[in-house]
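K.L.:
Please find one structure pasted underneath; my questions will follow.
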Amino acid sequence: MNGYVGRRRRPRGEPGPPDRARGPRWLVLLVVLGWLLLGSIGGPLVGRLSEVQQNDNASFLPQSAESTAVADLLPRFYPRNDLPYFVVMEAPQAVTTADEVAAATYLKSLADIPLPALGPRAKLGDYLSGEPTGPIPSADGKALLGVVNLDADKADDTINGTTPLYEAATAMRGAVGDVFTGTTVQTSIGGPGGTLADFITAFEGIDGLLLLVALAVVLVILLVVYRSPLLPLAVLFSAVLGLGVAAMVIFPLAKHGVIKLSGQSQGILFILVVGAATDYALLLVSRYREELHDTPSSWTAIRVAWRGAAPPILASGATVILGLLCLLLSRLGSTAGLGPVGALGIAGAMLASLTFLPAVLLLLGRRVFWPAIPRVDHVHDVDKLQRHGVWGRVARLVGTHPRRTWVITAGALLLAAAFLPTFRADGASTDELFLNKVESVTATRALERHYPAGAGSPVQILAPEEDTDAVLAALKKEDGVTDPFAGVAKGAKPEAVDGAMLVQATLTDPVDSPAAVAVVERLRSDFDTIDRTVLVGGQTATNLDVREATDRDLRVIVPAILLVIFVVLTVLLRSIVAPVLLVAANVLSFAATIGVAAVAFNHLFDFPNSDPATPLYGFVFLVALGIDYSIFLMTRVREETPERGTRQAILVGLAVTGGVITSAGIVLAATFSALGVLPLLFLVQIAFIVAFGVLLDTLVVRSLLVPALAYDIGPRIWRPSDPDQEEPEWDEFGSEDGPDPEAGDLAGADEPAGADEPADAAASADGPADGSRPATDPARR
């Protein structure tokens, strides 16, 4: 029987120590109680994270953005800061006089509508910045428009767990339904205020539905993997505690403006923590169960398992954390905020997996695996997988035909990557962001049918007073705008403030459409020829600045993440060649994933477009998280190399880690798929990209491409170091059996070497039977 245990084999003939070791039980109880205390504090904060969200694009732009500069100067022209809601009333034919009277009565009554969620005496009028405007009839006579302005300074105040912004939309929508009862008039409430309220509704599922779906999916997978009812619960409870600890730090930082938390970041945080904590648990539990086959002591088993699993878990966590922190280089507050939010989540998952979970495993002992309780039989995964099992067969395929395997795999990935240029990430309009029917989208489409498409969100230009006429003349020549005027309102006397004049115009295209963005780009270019101090702002300009900031982030952050990952891998593997191979393989995997996503989004799901940030987010998660599985594999290969030689270590590492890494990949893909329960285009697309990419990385890149290429390269993969020449570290807690000379190797002599494999690659690489230091002749490699 093969005597492989933990990290190393014990030489034949060396007696095994009597192993009934027990540690201080009070210490384990203290760790568990400490975590339960932290959970009682952090758990409620997880549910309150939505209170400190920011979901307005303008709030995420840097001060240097042109639209931000305009927004900062506008209060000098307007006495108040408004957040408008548009009440759109649409009739199939012409609206009647009675309809106009009913609309006017409704608008006047809004101030008295109660808002009970904000307090027993709270009314909508307490939060309005002025009297509602309207009703304004459309040119075709088929619609009426009312404008209700909320005081933007009060809109985001959190009161009793909600905000005036959300409650105002809810109250107005509830009240307007009774106004036109018995008529054919259809009403809807949208505008910036209505859209933000619908985003709040969409993100309401984060606190409950998203987390529950993610945990339920992982629970089902773990039940299949472990075939035990107790262990999956311990793993999931560990993940929840890790999330609670992260929330303890994130909530106060977001509340005091140190970091910015968006609804998207919060959803991704939940998925990251659950997925990462489960992946780390799978690796630790796999090692722990392996050790329980050699020792009757749970303490000894967890000690050896922790020592073997902690380095790759810490390396993996550090890689993801550093990769996420590269997002701090972003110019967008939402993207930069995701960096520390995600990093804190990964740190919480890692801490819980390396402290709380081992303590629970010790308290429950072998019973945690019930009914499949591991016995002390000195049977190990490598023994079972040498001649049986899927991963044993995969390893033999790689060992028999390495070059053929990696060439075919790389070719398939390159073919998928060829579709990458067809991926559309020009930005989607607001009505395209929602995948379900929401009232703000209904209102926007009704506005477009009956009013100028850019009504309600004009282009706002700040120009030196002496350049006002030139700016107006340029606007009149631009086909994409209409009704240009100077001042705060059409017909009012324009007044300069501190030498600057406000000029406004209405876009002929929807304000959030690519066509409107192109108009703003042309206007900025035209105004630069007049005076470079002319600034263009408004909602469309904000969207343009967000896109430009995202494009810049992609150029800066992607190289930074690749550099960070390369440095971490270099330190971990003590090699230059292996990190280059791993990084290149993961970049190829990302390109193939985006290529497949382009085909799926354009032709299968018929998505209209993608957010400009989608490729960046996809890259961060796929490369930073995908490299984890290569780390898990290559650290095990590095560990085995001094004893077995590089090529045999690759096959053993592939066979032994195949099951646990594949399970981890399936878990992570399933947790990211849970983002699809939120009806938002960006999150659904991220869910597809990450889920597909992780499965591709797990089942193809880590299983075939990386090991086959590494096997073909051989010992040179470790240059400039040479672990083949290192003295193996015999484990003091091994079995009494040495290597069985009759046990076949994964690419052993009973199978012929492939035609595309080095002649010596099929030789056995097990250590010598007498337990001496394994030979380092070329046949071992």
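The values are calculated or read from the model by the stated rules, or taken from the named source; none is laboratory data. It should be emphasised that the depicted structure is a prediction, and the values quoted were computed from it without experimental measurement. Here the Cβ is made from the backbone with ideal geometry for all residues, glycine too, and neighbour counts use every protein chain on show. All accessible areas refer to the heavy atoms of the entire protein, side chains included, with ligands and DNA or RNA removed. Shrake-Rupley method; radii C 1.70, N 1.55, O 1.52, S 1.80 Å.
K.L.:
For residues that are small (Gly, Ala, Ser) and under 30 Å from Thr201 (Cα atoms), scanning just the stretch 654-694, find the one that is surrounded by the fewest Cβ atoms within 10 Å (Cβ to Cβ).
P.N.:
Among residues in the stretch 654-694 that are small (Gly, Ala, Ser) and under 30 Å from Thr201 (Cα atoms), the one surrounded by the fewest Cβ atoms within 10 Å (Cβ to Cβ) is Gly676.
K.L.:
Looking only at the stretch 424-440, filter to residues that are open to solvent by 60 Å² or more (accessible area, probe 1.4 Å) and in contact (Cβ under 8 Å) with a residue 40 or more places away in the chain; which one of those is farthest from Asp551 (Cα to Cα)?
P.N.:
Among them, the one singled out is Asn436.
K.L.:
Consider the stretch 294-353. How many of its residues are in contact with a helix residue (DSSP H, G or I) (Cβ under 7 Å, 6 or more places away or on another chain) and among the charged types (D, E, K, R)?
P.N.:
Final tally of qualifying residues: 1.
K.L.:
Picking from Thr506, Thr422, which residue would you name as being more than 21 Å from Pro84 (Cβ to Cβ) and β-branched (Val, Ile, Thr)?
P.N.:
Thr422
K.L.:
Sort out for me the helices (runs of 4 or more DSSP H) sitting completely within the stretch 309-423 that have 1 or more residues that are open to solvent by 10 Å² or more (accessible area, probe 1.4 Å) and closer than 18 Å to Ser238 by Cβ.
P.N.:
In the stretch 309-423, the matching helices (runs of 4 or more DSSP H) lie at 333-351, 357-364.
K.L.:
Additional query: Would it be correct to say that Ala470 is surrounded by 16 or more Cβ atoms within 10 Å (Cβ to Cβ), modelled with pLDDT of 90 or more and touching a Phe, Trp or Tyr at 6+ places or on another chain (Cβ under 8 Å)?
P.N.:
So Ala470 fails the test.
K.L.:
Among the numbered criteria (1) in contact with a Leu (Cβ under 9 Å, 6 or more places away or on another chain); (2) assigned to a loop (DSSP other than H, G, I, E, B); (3) among the hydrophobic types (A, V, I, L, M, F, W, C), which single criterion is violated by Ile271?
P.N.:
(2)
K.L.:
Starting from residues that are modelled with pLDDT of 55 or more and in a loop (DSSP other than H, G, I, E, B), keep the ones in the stretch 695-746 and report whichever is most open to solvent (accessible area, probe 1.4 Å).
P.N.:
Arg719
K.L.:
Let me ask another. Which numbered condition in (1) part of a helix (DSSP H, G or I); (2) closer than 23 Å to Pro79 by Cβ; (3) under 39 Å from the mean Cα position of the chain (by Cα) is the only one that Thr468 fails?
P.N.:
Here Thr468 clears every test but (3).
K.L.:
Report yes if some residue within the stretch 583-594 is of a type in the set (Gly, Ala, Ser) and surrounded by fewer than 22 Cβ atoms within 10 Å (Cβ to Cβ); otherwise report no.
P.N.:
Yes, the stretch 583-594 has at least one match.
K.L.:
Quickly run through the stretch 71-104 and pick out the residues that are under 20 Å from Ala443 (Cα atoms) and within 42 Å of the chain's Cα centre (by Cα).
P.N.:
Result: Asp82, Leu83, Pro84, Tyr85, Phe86, Val87, Val88, Met89, Glu90.
K.L.:
Residues that are open to solvent by 60 Å² or more (accessible area, probe 1.4 Å), more than 30 Å from Pro494 (Cβ to Cβ) and modelled with pLDDT under 85: does the stretch 441-462 have at least one?
P.N.:
no
K.L.:
Could I ask something else about it? In this structure, is Gly174 farther than 20 Å from Ser50 by Cβ and at pLDDT 90 or above?
P.N.:
In short, no.
K.L.:
Additional query: Condition first: crowded, with 19+ Cβ neighbours inside 10 Å and part of a loop (DSSP other than H, G, I, E, B). Now tell me which residues in the stretch 95-104 satisfy that.
P.N.:
Listed by number, the list holds a single entry, Val95.
K.L.:
Answer yes or no: is there a residue in the stretch 538-560 that is part of a helix (DSSP H, G or I), within 22 Å of Leu705 (Cβ to Cβ) and open to solvent by 20 Å² or more (accessible area, probe 1.4 Å).
P.N.:
Yes, the stretch 538-560 contains at least one residue that is part of a helix (DSSP H, G or I), within 22 Å of Leu705 (Cβ to Cβ) and open to solvent by 20 Å² or more (accessible area, probe 1.4 Å).
K.L.:
Another question, then. Out of everything in the stretch 365-388 that is over 20 Å from Leu231 (Cα atoms) and of a type in the set (A, V, I, L, M), what residue ends up being modelled with the highest pLDDT?
P.N.:
The qualifying residue modelled with the highest pLDDT is Val379.
K.L.:
Inspect all residues belonging to the stretch 246-266 and state whether any of them is touching a residue at least 40 places away in the same chain (Cβ under 8 Å), closer than 23 Å to Leu38 by Cα, in contact with a Leu (Cβ under 8 Å, 6 or more places away or on another chain) and of a type in the set (Ser, Thr, Tyr).
P.N.:
Yes: the stretch 246-266 contains one or more residues that are touching a residue at least 40 places away in the same chain (Cβ under 8 Å), closer than 23 Å to Leu38 by Cα, in contact with a Leu (Cβ under 8 Å, 6 or more places away or on another chain) and of a type in the set (Ser, Thr, Tyr).
K.L.:
Return a yes/no flag: does the stretch 573-582 have any residue that is crowded, with 19+ Cβ neighbours inside 10 Å, out of contact with any strand residue (DSSP E or B) (no Cβ under 8 Å at 6 or more places or on another chain), under 22 Å from Ala425 (Cα atoms) and not aromatic (Phe, Trp, Tyr).
P.N.:
no
K.L.:
Quick check on my filter: what residues within the stretch 150-208 are open to solvent by less than 40 Å² (accessible area, probe 1.4 Å) and at positive phi?
P.N.:
Correct list: Gly191 only.
K.L.:
Here is a further query. Cβ-Cβ distance below 8 Å, separation of 6 or more or different chains: which pairs start in the stretch 103-123 with a residue that is on the phi < 0 side of the Ramachandran plot and among the aromatic types (Phe, Trp, Tyr) and end on one that is surrounded by 15 or more Cβ atoms within 10 Å (Cβ to Cβ) and not in a helix (DSSP H, G or I)?
P.N.:
Qualifying pairs under 8 Å: Tyr106/Val87; Tyr106/Gly146; Tyr106/Val179.
K.L.:
Among what's in the stretch 105-119 and is under 37 Å from the mean Cα position of the chain (by Cα) and either in a helix (DSSP H, G or I) or β-branched (Val, Ile, Thr) (or both), pick the residue that is surrounded by the most Cβ atoms within 10 Å (Cβ to Cβ).
P.N.:
Filtering first and then ranking leaves Leu118.
Yes/no per residue for (1) small (Gly, Ala, Ser); (2) more than 25 Å from the chain's Cα centre (by Cα); (3) under 15 Å from Tyr280 (Cα atoms):
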| position | (1), (2), (3) |
| --- | --- |
| Gly645 | yes, yes, no |
| Val667 | no, no, yes |
| Gly676 | yes, no, no |
| Pro679 | no, no, no |
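K.L.:
Okay, next question. How many residues are open to solvent by 70 Å² or more (accessible area, probe 1.4 Å) and either hydrophobic (A, V, I, L, M, F, W, C) or closer than 28 Å to His450 by Cα (or both) when one looks only at the stretch 79-94?
P.N.:
3
K.L.:
May I pose another question? Identify all residues within the stretch 310-346 that are over 13 Å from the mean Cα position of the chain (by Cα) and of a type in the set (Val, Ile, Thr); write none if there are none.
P.N.:
Residues satisfying the conditions are Ile313, Thr319.
K.L.:
Continuing with this model, one more query. Can you name the residue in the stretch 473-520 that is part of a loop (DSSP other than H, G, I, E, B) and among the polar types (S, T, N, Q) and, of all such residues, is farthest from Ala463 (Cα to Cα)?
P.N.:
Only one residue tops the list, namely Ser513.
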